[in-house]
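Chemist: Handing you this structure, nothing more for now.
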Amino acid sequence: RKKDLFKGENGEYVSLSKVEALLKLSPYVEMPMVYGRTGAKSVIALVCPQKPAIMEFASKSGLTGTFGELCKNPGVVAEVSKSCVKQCKAGGLNGFEIPTALSLVVGPDDSPAWSPDNEMLTTTLK
């Protein structure tokens, strides 16, 4: 991204990397990407989930399916979202800095959506 900061709807600045750092503390998150634009009410998050944590949650909850199918399951998305919001609040983020929408993203073959292998990341993981 070009800039790490953007000005929200009320003129408050939001540091996207700060939000991403707190999202990484969730046991379900492998790699987050937070998006916000100038004048927006809040930010959104795209999350590459931790496969072992998702599979463990699914087995405890009685859910079945492939990793990709589980990442589309509303119950799994709600659990990951709840965990992310908890980490953001524990980190002291203000309400406008906490993502209001979250989506779990995986590759077509249940691989990570972003990796140097599929050229969605550089070798330095940027």
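The values are calculated or read from the model by the stated rules, or taken from the named source; none is laboratory data. This structure is a prediction, so every number in the text was calculated from the model and none was measured. Glycine gets a Cβ as well: all are built from the backbone with ideal geometry, and neighbour counts include every protein chain shown. Keep in mind that these areas ignore ligands, DNA and RNA; they rest on the heavy atoms of the full protein, side chains included. Shrake-Rupley method; radii C 1.70, N 1.55, O 1.52, S 1.80 Å.
Chemist: Compute the relative contact order of the chain as a whole-number percentage, counting only Cα pairs closer than 8 Å that sit 6 or more residues apart in sequence.
Modeler: Relative contact order for the chain comes out at 25 percent.
Chemist: In this model, which of K7/K51; K18/K89; K18/K72; K18/K86; K7/K82 are farther than 23 Å apart at the alpha-carbon?
Modeler: K7/K51; K18/K72; K7/K82
Chemist: Could you pull out the GluC sites (Glu not before Pro) across the range 3-37 that fall in loop regions by DSSP (anything but H, G, I, E, B) with no more than 12 other Cβ atoms inside 10 Å?
Modeler: When the GluC sites (Glu not before Pro) of the range 3-37 are filtered for loop state and at most 12 Cβ neighbours within 10 Å, E9, E12 remain.
Chemist: Just to be sure I understand, if you calculate volume of the Cα convex hull per residue in Å³ for this structure, which of (1) 113; (2) 77; (3) 103 do you get?
Modeler: Matching the structure shown: (3).
Chemist: So what J values fall out for the range 54-63 if you push phi through Karplus, 6.51 cos²θ - 1.76 cosθ + 1.60 with θ = phi - 60°, rounded to Hz, Gly and Pro as x?
Modeler: 5, 5, 5, 4, 4, 5, 5, 8, x, 8
Chemist: Now, a different point. How big is the antiparallel share of DSSP beta bridges in the chain, given as a percent to the nearest 5?
Modeler: 70 percent
Chemist: For the chain, what does the accessible surface come to per residue with a 1.4 Å probe? Please give it in Å².
Modeler: That works out to 60 Å² per residue.
Chemist: With a cut-off of 19 Å, note down the residues of the range 66-110 whose backbone N falls inside the zone around a label point 7 Å from the Cα of D4 toward its beta carbon.
Modeler: Answer for the range 66-110: 88, 91-94, 97-99.
Chemist: Ok, one more. Could the peptides 41-54, 68-81 be put in order, highest first, of the mean number of other beta-carbon atoms found within 10 Å of their residues?
Modeler: 41-54, 68-81
Chemist: Sticking with this one: Using a Förster radius of 22 Å, what is the FRET efficiency between K86 and E56 based on their Cβ-Cβ separation? Nearest 0.05, please.
Modeler: Using R0 = 22 Å, I get an efficiency of 0.80.
Chemist: Keeping the other protein chains in place, figure out the carbon and sulfur percent of the accessible area of the range 7-62, with a 1.4 Å probe.
Modeler: Solvent-exposed carbon and sulfur of the range 7-62 make up 52 percent of the total.
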